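Input: a single structure, listed below in structure tokens.
The values are calculated or read from the model by the stated rules, or taken from the named source; none is laboratory data. Keep in mind the model is a prediction, meaning the values are calculated, not measured. Cβ placement follows ideal geometry from the backbone for every residue including glycine, while neighbour counts extend to all protein chains displayed. Remember, those area values only see protein heavy atoms, side chains included, never the ligands or the DNA or RNA. Shrake-Rupley method; radii C 1.70, N 1.55, O 1.52, S 1.80 Å.
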Amino acid sequence: AAAGLAALPLAFFLGGDAANALTSSDVRSLTYGQIKGTGLANRCPEVDVTNGDIALEKGSKYKITELCLEPKSFQIEEEVAKKRTGEIKKEFVDTKLMTRATYTLTGIEGPLFYDKDGSLTFLEKEGIDYAATTVQLPGGERVPFMFTIKELEAKSSSPSGVSVGTEFGGTFKVPSYRSGLFLDPKGRGGTTGYDMAQALPGMEADGAEGQEELYKETNKVFQVTDGSIEFAVNKVDAATGEFSGVFVSEQLSDTDMGSKAPKKVLLKGIVFGKVGAATGEEDY
């Protein structure tokens, strides 16, 4: 939960990277040549010094731009057996990131406004809002998932705007890791390819065990699941409208187009964004 997130030290989420934080001015001062091949393009900027609050008026239209989410921790829910008691319980375990530096969401934007019930609401509309990511469990199993905040509707109870301690929370949609055009090793797909693999029809008709597994492998589906996220602001620059903080997100992993049970994914990291007045020229 995000309750108390803002009170946690940033080093809790970032480890040793807190000392190497980048500001938006640092990023803008770099050339393409200076960024290429360094991994800096996968980094989210941060606000270095808190300077006032971002005041917002009810009835006025605002927007959040340059929203960036950079995960620092990737955990998967697994059944873990206790050594002494043998008790099996579910808990989130640490994983090894297998994806190269392409897993950050950035350039996200959308309207920010006070809705009818007085909640400060942000609606995600566009940007680089998904990233295919793979992590490896301690046992060697690899878990792919689509890190995303598509169609996020996040609300805050802040009465006057964005300030240190402001917390947002909401739900979003997680699209399938693969599209309907993807073909599995036997040439089966959701919208193209074979309906079933050769020699399988007889196996499916004999009434023996394994029918459900065969059906799931053959019947490809594009699944959309739900996820939730909470983020807390811990630094604000009222002069530029920028804010930064930490986030915790929970979603499901890939189902291999319906053939596998998904796993719960827990992500923790940093968030950055910029609040400004809506100009009326936006597409949302």
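Say R0 is 30 Å: what FRET efficiency, to the nearest 0.05, do Q223 and S119 get from their beta-carbon distance?
Numbers: r = 30 Å, r/R0 = 1.00.
Here the calculated transfer efficiency is 0.50.
Hey, for a label at E79 modelled as a point 7 Å past Cα toward Cβ, could you say which residues of region 244-268 have their backbone N under 16 Å away?
So the set is 261-264.
Calculate the spin-label point distance for M98 paired with L183, positioning each point 7 Å from the Cα along the beta-carbon direction, and give it in nanometres.
2.3 nm
If the limit is 21 Å between Cα atoms, which of K116/K274; K125/K235; K61/K268; K155/K264; K63/K125 go over it? Don't skip to the end; give the middle numbers.
Values: K116/K274 24 Å; K125/K235 24 Å; K61/K268 30 Å; K155/K264 23 Å; K63/K125 11 Å.
Pairs exceeding 21 Å: K116/K274; K125/K235; K61/K268; K155/K264.
Local charge sum around T279 (other residues, Cβ-Cβ under 11 Å, Lys/Arg +1, Asp/Glu -1)? Don't skip to the end; give the middle numbers.
Working: positive: K61, K63; negative: E281, E282.
With Lys, Arg at +1 and Asp, Glu at -1, the neighbours total 0.
Around E79, what is the net charge, scoring Lys/Arg as +1 and Asp/Glu as -1 over all other residues with Cβ under 12 Å from its Cβ? All intermediate terms of the calculation are to be shown ahead of the outcome.
Numbers: positive: K82, K89, K90, K263, K264; negative: E77, E78, E87, E91.
Residues near E79 contribute +1 overall.
Checking the a/c ratio against 1.5 first, then a/b against b/c, what shape does the Cα gyration tensor give for region 65-135? If you can, show how the numbers build up before the last one.
Values: a/c = 4.82, a/b = 1.77, b/c = 2.73.
Cα axes put region 65-135 in the oblate bin.
Taking only DSSP H segments of four or more residues, each worth -39500 (n - 2.57), what value at 222 nm results for the chain once the sum is divided by all its residues, to the nearest 500 deg cm²/dmol? The partial results should precede the final answer.
Working: 5 runs with 29 residues, N = 284.
Computed mean residue ellipticity for the chain: -2000 deg cm²/dmol.
Please get the size of the charge dipole for the chain, origin at its Cα centre, with Cβ charges of +1 on Lys and Arg and -1 on Asp and Glu, quoted in debye to the nearest 20. Write out the running numbers ahead of the final one.
Numbers: 31 positive and 42 negative charges, 122 e Å.
Around 580 debye, computed over the chain.
Using a Förster distance of 41 angstrom, determine the FRET efficiency expected from the C-beta separation of T38 and K173, and round it to 0.05. Could you put the intermediate results ahead of the total?
On the way: r = 33 Å, r/R0 = 0.79.
The value I calculate is 0.80.
What residue among L183, L137, I229 has its Cα farthest toward the positive end of the dipole of the chain, where the charges are +1 on Lys, Arg and -1 on Asp, Glu, each on the Cβ?
Of L183, L137, I229, it is L137.
List the lysines whose Cα sits under 21 Å from the Cα of K186, skipping any in the same chain fewer than 8 residues away.
K216, K220, K260
Rounded to the nearest whole Å², what accessible area per residue is found for the chain with the 1.4 Å probe?
On the way: 15310 Å² over 284 residues.
Normalised by residue count, the accessible surface of the chain is 54 Å².
Express the relative contact order of the chain as a whole percentage, based on alpha carbon pairs under 8 Å and six or more residues apart in sequence. Don't jump to the answer; show the numbers that get you there.
Working: 668 pairs, mean separation 69.0, N = 284.
Once divided by the residue count of the chain, the mean separation gives 24 percent.
Find out how many positive minus negative residues lie around E109, taking Lys and Arg as positive, Asp and Glu as negative, among other residues whose Cβ is under 12 Å from that of E109.
Working: positive: K63, K125, K274; negative: E66, E124, E126, D129, E282, D283.
So the surrounding residues net to -3.
Output wanted: per-residue J couplings in Hz (rounded whole) for region 48-65, from phi through Karplus 6.51 cos²θ - 1.76 cosθ + 1.60, θ = phi - 60°, x for Gly and Pro.
Couplings: 7, 9, 6, 9, x, 10, 8, 7, 10, 9, 5, x, 8, 9, 10, 8, 10, 10 Hz.
Once you have a ≥ b ≥ c as the square roots of the Cα gyration tensor eigenvalues for the chain, tell me rounded if a/c is under 1.5, and otherwise prolate or oblate according to whether a/b is larger than b/c.
Prolate, since a/c reaches 1.5 and a/b exceeds b/c.
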